[in-house]
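Student: Encoded as structure tokens, here's the structure I'll be asking about.
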Amino acid sequence: RMAELGMGANFNPEIKHLIADSQVASIGPARAAYEWPYRSAIDADVTIASSSDAPVTEGNWLQGIATCMDRRGKQTGKISGPAQRISLDEAIRTYTIAGAWQDHAEHFKGSLEVGKVADFCVLDGRLSSSPTDQFTTMKVALTAVDGRITHDRL
């Protein structure tokens, strides 16, 4: 119904990472597995944006992407809801294009295209060839805001 109405949702995967293990005890494994239903929402054509809710969480988008992909709880490393996992590309979209759509700003941000602001970062590792548990060890090597380099460790 949300897709039919053109509605989206905003999920915070970092919270899933932080409370996944305790959710099983408090609401049971079936409900815990379905919390933050990324796969179901995306498959239903609902636009899902991810956010950090900082300072409630650390605001670590790399942990957020990892959690979207692996759904591991912080305390035990157990997976909560493997059926709700999404791919790296889908996870990145939730933080970029979908976030811009949510802000009604997709006409000028959210993707690297001619005529849009060039806000991006370059990491010192490759997400596509690294295990998710190594994502948060990567450092930002370069940051560009509005096409200007604002941070450069290269």
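The values are calculated or read from the model by the stated rules, or taken from the named source; none is laboratory data. Just so it is clear, the structure is predicted and the values come from calculations on it, not from any experiment. Heavy atoms of the whole protein, side chains included, go into the accessibility calculation; ligands, DNA and RNA do not. Shrake-Rupley method; radii C 1.70, N 1.55, O 1.52, S 1.80 Å.
Student: With every protein chain kept in the model, how would you rank Glu106, Glu4 by accessible area, 1.4 Å probe, largest at the top?
Tutor: On the way: Glu106 80, Glu4 145 Å².
Descending accessible area places them as Glu4, Glu106.
Student: Report Thr47's accessible area, 1.4 Å probe, all protein chains in place, as a number in Å² to the nearest 10.
Tutor: 50
Student: For the chain, which whole-number percentage of the solvent-accessible area (1.4 Å probe, protein heavy atoms only) is attributable to carbon and sulfur atoms?
Tutor: Answer for the chain is 55 percent, counting heavy atoms of protein chains only.
Student: List, in order, the whole-Hz ³J(HN,Hα) value for each residue of the stretch 142-150 obtained from phi through the Karplus relation with A = 6.51, B = -1.76, C = 1.60 and θ = phi - 60°; use x for Gly and Pro.
Tutor: 8, 10, 10, 10, 6, x, 9, 6, 10
Student: From zero outward in steps of 10 Å, how is the percent of C-alpha pairs of the stretch 1-139 spread across the bins?
Tutor: Per 10 Å bin, starting at 0, the Cα pair percentages come out as 12, 40, 36, 11, 1.
Student: Among Arg85, Arg72, Arg126, which one moves the most in a GNM of the chain with springs linking Cα atoms closer than 10 Å?
Tutor: Arg126
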